[in-house]
Amino acid sequence: MGIRAVDPQSIRNVTIVGEPAETTQVVRRLLRDHAGTPAATVVHRVPGRGEHTIRVAELSSHAPIANLERAIRVADGAVVVLNAAAEGAARFETILRVADDHQVARLCLVTGLDHPTADFDRCVRAIADTRGARPLTLHLPLGAGPGFDGVIDLVPMWALEPMAAEFYGSRWQLAEQWYRNLVAAVTDQDDEDSDTGGGPRKIPPAQLHDHIRSVTRIGEAIPVLCDAARHGGDIAALLDAIVRYLPSPLLVCQPEHALDY
């Protein structure tokens, strides 16, 4: 059998960190459909970006502080899992701050949105209240608790207009505001600047992805995604975000990182 050369730029080494039960479930779902690949490795294809190799490590937020800090420090990128139904998460702020201190790019995945006590806004506020962490909401949940009915992906939403506007009804107006906030956060434009006479400024999805990637990789912001699947379903949106926004080993400048291809 021949050996396939792997472009280091197509590699993502990512650490999934959070409550043990939450992180274990996420990791299992990430790896579930990739039994033919090496252990803890996902091969994922993103439209327009080709095939990427994602190496997954799991880290419990209950680990000793020294171990937690070292594991985050040597990570290329981190996905912090936060349950929307939990009043607080162990060491959540510590995890974000340690990653910020060591310039580790971060994503946040909000789970548990179908739980009766789920509060997505509380999760976003928790990130915003943490030093060095500016949340970029990329997914808008449709309802919460028993009424949770999926998410609106804000980045490509204008490519779906007007069909999606009719489908989502009154929720579309809320999505417009969140989209406006996202665009203002990643560009130099004020959220009132618009090419549509006062409506949200529309940016092609590829260009908006580029803006999000830039501020994520330098640690200025944390993209926030929602786990939209009930009963442990598809998690492709997280894989897409890992490829699009987190850096390859070649872009990580920390001396602690060993490039192991």
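A short reminder: the numbers here are calculations on the coordinates, not readings from a lab. The model shown is predicted, which means the values in this text are computed figures rather than measured ones. Glycine gets a Cβ as well: all are built from the backbone with ideal geometry, and neighbour counts include every protein chain shown.
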**Message:** Past the 18 angstrom mark, what percentage of all C-alpha to C-alpha distances in the stretch 90-191 do you count?
**Reply:** 56 percent
**Prompt:** How much FRET efficiency would the formula 1/(1 + (r/R0)^6) give for ARG29 and GLU51, where r is the Cβ-Cβ distance and R0 is 22 Å, rounded to 0.05?
**Reply:** 0.65
**Charge tally in the Cβ shell below 10 Å around LEU225, where Lys, Arg are +1 and Asp, Glu are -1, LEU225 excluded** = -3
**Request:** Go through the stretch 8-23 residue by residue and turn each phi into a ³J(HN,Hα) via Karplus (6.51, -1.76, 1.60, θ = phi - 60°); whole Hz please, and just put x for glycine and proline.
**Result:** x, 5, 9, 9, 10, 9, 10, 10, 8, 10, x, 4, x, 5, 5, 5
**Once the Cα gyration tensor of the stretch 19-152 is diagonalised, semi-axes √(5λ) in Å** = 23, 21, 15
